[in-house]
Amino acid sequence: MKKVDCIIRPHTLEAVKTALNELGVTGMTVSEVRGCGSSPPETDWFGEETLIRLPIRLRLELVVPDEQVEPIIEAVLRHARTGQPDDGKIFVLPYADAIRIRTEERGEAAL
């Protein structure tokens, strides 16, 4: 099992959700977040660096079987990329277990 964390622009959410649904992804958590990455600092009209911007982004969190990770990454890249700085990031983390509280199912059965 892996956790896939995606930071994307808000306007790309519907296309990403549609693509993930087509892959059979049924569970995800979406939160509104703010942050900045490694883009170069912006400058104003006078060449002065401006304060760090913290634009609104969305964070999609999915815990999925290992075999779904690459198709999910490809779908997010295809539908969230605008080609502009600050398009976002995708992080993949290993997860040891999942437990469905209602039924006490464990592992991939709990997903």
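The values are calculated or read from the model by the stated rules, or taken from the named source; none is laboratory data. What you see is a predicted model; the values in this text were computed from it and never measured. Don't worry about glycine lacking a Cβ; one is built from the backbone with ideal geometry, like all the others, and counts go over all protein chains shown.
Kindly indicate whether any position in the stretch 72-83 is in contact with an Asp or Glu (Cβ under 9 Å, 6 or more places away or on another chain), exposed (fewer than 12 other Cβ atoms within 10 Å of the Cβ), at pLDDT 95 or above and not in a loop (DSSP other than H, G, I, E, B).
Taking every residue of the stretch 72-83 in turn, none turns out to be in contact with an Asp or Glu (Cβ under 9 Å, 6 or more places away or on another chain), exposed (fewer than 12 other Cβ atoms within 10 Å of the Cβ), at pLDDT 95 or above and not in a loop (DSSP other than H, G, I, E, B).
Among the residues of the stretch 1-27, write down those that are touching a residue at least 60 places away in the same chain (Cβ under 8 Å) and under 27 Å from Ala96 (Cβ atoms).
Answer for the stretch 1-27, where residues must be touching a residue at least 60 places away in the same chain (Cβ under 8 Å) and under 27 Å from Ala96 (Cβ atoms): Met1, Lys2, Lys3, Val4, Asp5, Cys6, Ile7, Ile8, Val16, Gly27.
Can you tell which of Ala109, Ala96 is more than 17 Å from Thr12 (Cβ to Cβ) and in a helix (DSSP H, G or I)?
Result of the check over Ala109, Ala96: Ala109.
Quick grid of which residues meet (1) surrounded by 10 or more Cβ atoms within 10 Å (Cβ to Cβ); (2) among the basic types (Lys, Arg); (3) outside any strand (DSSP E or B); (4) at pLDDT below 95:
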residue: Lys3; (1), (2), (3), (4): yes, yes, no, no
residue: Ala15; (1), (2), (3), (4): yes, no, yes, no
residue: Ala19; (1), (2), (3), (4): yes, no, yes, no
residue: Ser39; (1), (2), (3), (4): yes, no, yes, yes
residue: Leu58; (1), (2), (3), (4): yes, no, no, no
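Within the stretch 21-34, which residues are surrounded by 11 or more Cβ atoms within 10 Å (Cβ to Cβ) and assigned to a helix (DSSP H, G or I)?
Matches in the stretch 21-34: Asn21 only.
Please name all residue pairs, on different chains or six or more residues apart, with Cβ atoms under 7 Å, provided the first residue is in the stretch 57-85 and is in contact (Cβ under 8 Å) with a residue 12 or more places away in the chain and more than 13 Å from Met28 (Cα to Cα) and the second residue is small (Gly, Ala, Ser) and not in a helix (DSSP H, G or I).
Arg57/Gly35; Arg57/Gly88; Ala80/Gly88; Pro85/Ser39
Please pick out the residue among Ile101, Ile52 that is aliphatic (A, V, I, L, M) and modelled with pLDDT of 90 or more.
Working: Ile52 fails: modelled with pLDDT of 90 or more.
After applying the criteria, what remains is Ile101.
So, in the stretch 95-111, how many residues would count as being touching a residue at least 12 places away in the same chain (Cβ under 8 Å) and exposed (fewer than 12 other Cβ atoms within 10 Å of the Cβ)?
Of the residues in the stretch 95-111, the ones touching a residue at least 12 places away in the same chain (Cβ under 8 Å) are 95-98, 107-108, 110-111.
Still in the running and exposed (fewer than 12 other Cβ atoms within 10 Å of the Cβ): 96-97.
Final tally of qualifying residues: 2.
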